[in-house]
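A.B. asks: Please see the structure below; I have some questions.
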Amino acid sequence: MRSDPPFSVLMACYHGDEPDQLRDSIRSVTVDQTRRPDEVVLVVDGPIPDALDAEVLHSYRTSHVPIVVHRLSANRCLGLALNAGLEICRHEIVARQDADDIAMPERFERQLEAIEDGADVVGSALREFTTDPDDPTDAGVVRTPPLRPEAISKDARFAQPIFHPTVVYRRSLVQGVGGYEDLPSLEDYWLFARLIHAGARFVNIAEPLVAYRIGAGAYARRGGTRLLRSEIELQRRMRRLGFTSPAQFVRNVAVRGGYRLVPEELRRTAYRRILAQRAHR
């Protein structure tokens, strides 16, 4: 009989997070799960408000799953905070969770089955919401990524192959390719490109296993000159790695770079159209 491998949940919070959302997120990955983790590693990325700090301490003291709190003296950005957390995780299998999202009760049971069947990186579809993930009137768009390994690898040359808030991966592989690197808002895409290039086996589950909070300005943050600079740097790195061809590099800079500069409403429409085309592949 196969025993269940232990696994860690890796989270990070910063000064912009809300205490009640952090509390609900932690609960969703601990007591609400049909397959509970063995620990939660929570990285506090720099100074946080007193109310949020009080919630961190409350969760640490009362959680039914052990919580390891690691504090950074200054805000370092998500990717570097996650690197610090990976160093602390005690287990090879690590599940990511954002501090304002909600994991569905069967999330880890479903994803750990795929890991046990040989996958190295497992994601899923996600469902957007704004305020209450249990309110049917607040049900947003379901984002479905490419599902099959070959489709994931092919699509990754142009678009994010897996949704970072849904991911479960093998820690040794992530650290083996250098972990997260500083690339604002695109550090996850760059990590996944390196993992695919290194031969990691990716799988996505069609069922939405994470409720993903969409706050005000979510699509606005996908654009602007700062993200354009990050996008161009991502494309340069993928080309140097040999992950993309010269033609793919030119296409990506033109299309993805142009996407960063169009008005927000056009950006929203284009993004959802791309998701619809990729679904069920």
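A.B. asks: Between S172 and I214, what length comes free when the chain is fully extended (0.36 nm per residue of separation minus the Cα-Cα distance, one decimal in nm)?
C.D. replies: 12.0 nm
A.B. asks: Okay, moving on. What longest range of the chain stays clear of loop-exposed GluC sites (Glu not before Pro) (DSSP non-H/G/I/E/B, at most 15 other C-beta within 10 angstrom)?
C.D. replies: Between exposed loop sites, the widest span is 182-281.
A.B. asks: Name the shape class, rounded, prolate or oblate, that the alpha-carbon gyration tensor gives for region 110-230, where a ≥ b ≥ c are the square roots of its eigenvalues, rounded holds for a/c under 1.5, and otherwise prolate holds if a/b is larger than b/c and oblate otherwise.
C.D. replies: oblate
A.B. asks: Mind listing the phi-derived Karplus ³J(HN,Hα) values for region 33-47, rounded to whole Hz, using 6.51, -1.76 and 1.60 with θ = phi - 60°, and x for any glycine or proline?
C.D. replies: Result, ordered by residue: 7, 6, 10, 7, x, 8, 6, 10, 9, 10, 8, 8, 8, x, x Hz.
A.B. asks: Can I ask one more? May I ask you to derive the FRET efficiency for R229 and H70 from their Cβ-Cβ distance with R0 = 41 Å, giving the value to the nearest 0.05?
C.D. replies: Rounded to the nearest 0.05, the efficiency is 0.85.
A.B. asks: Here is a further query. Full extension from E181 to T62: what is 0.36 nm times the residue separation minus their Cα-Cα distance, to one decimal in nm?
C.D. replies: 39.5 nm
A.B. asks: If you don't mind, there's one more thing I want to ask. Please give, to one decimal in nm, the separation of the simple spin-label points placed at R23 and A198, each 7 Å out from Cα toward the Cβ.
C.D. replies: 3.9 nm
A.B. asks: Quick query: amide H of F7 versus all other amide H atoms, modeled in the peptide plane; which residues come in under 5 Å with a sequence gap of 5 or more or a different chain?
C.D. replies: The answer is D38, E39.
A.B. asks: On to the next question. With θ set to phi - 60° and the Karplus curve 6.51 cos²θ - 1.76 cosθ + 1.60, what are the ³J(HN,Hα) couplings of region 53-63 in order, to the nearest whole Hz, using x for Gly and Pro?
C.D. replies: Running phi through 6.51 cos²θ - 1.76 cosθ + 1.60 with θ = phi - 60° gives 4, 4, 5, 4, 5, 4, 4, 4, 7, 10, 5 Hz.
A.B. asks: In sequence order, what are the phi-derived ³J(HN,Hα) couplings for region 189-200 according to the Karplus relation 6.51 cos²θ - 1.76 cosθ + 1.60 with θ = phi - 60°, rounded to whole Hz, with x for glycine and proline?
C.D. replies: Karplus-based 3J(HN,Hα) across region 189-200 equals 4, 5, 4, 5, 4, 5, 5, 4, 4, 7, x, 5 Hz.
A.B. asks: If you don't mind, there's one more thing I want to ask. With a/c under 1.5 counting as rounded, go ahead and sort the chain into rounded, prolate or oblate using the C-alpha gyration tensor (a ≥ b ≥ c being the square roots of the eigenvalues; past the cut-off, prolate if a/b is larger than b/c, else oblate).
C.D. replies: rounded
A.B. asks: Here's another thing I want to ask about it. For R35 and E109 in one chain, what is 0.36 nm times their gap in residues minus the Cα-Cα distance, to one decimal in nm?
C.D. replies: Net length gain for the segment: 26.1 nm.
A.B. asks: Could you tell me the relative contact order of the chain? Use alpha-carbon pairs under 8 Å, at least six residues apart, and round to a whole percent.
C.D. replies: 20 percent
A.B. asks: Further question on the same structure: Between D138 and A254, what is the label-point separation in nm under the 7 Å Cα-to-beta-carbon projection?
C.D. replies: Distance between label points: 4.3 nm.
A.B. asks: Which order do Y212, Y189 fall in if you start with the one that has the fewest other Cβ atoms within 10 Å?
C.D. replies: Ordered from fewest to most neighbouring Cβ atoms within 10 Å, Y212, Y189 come out as Y189, Y212.
Each reported figure results from applying straightforward, stated rules to the coordinates on display, with no laboratory input. Note that the structure is a prediction, hence the values are computed from the model and not measured. No Cβ is skipped: glycine too gets one built from the backbone with ideal geometry, and neighbour counts run over all protein chains shown.
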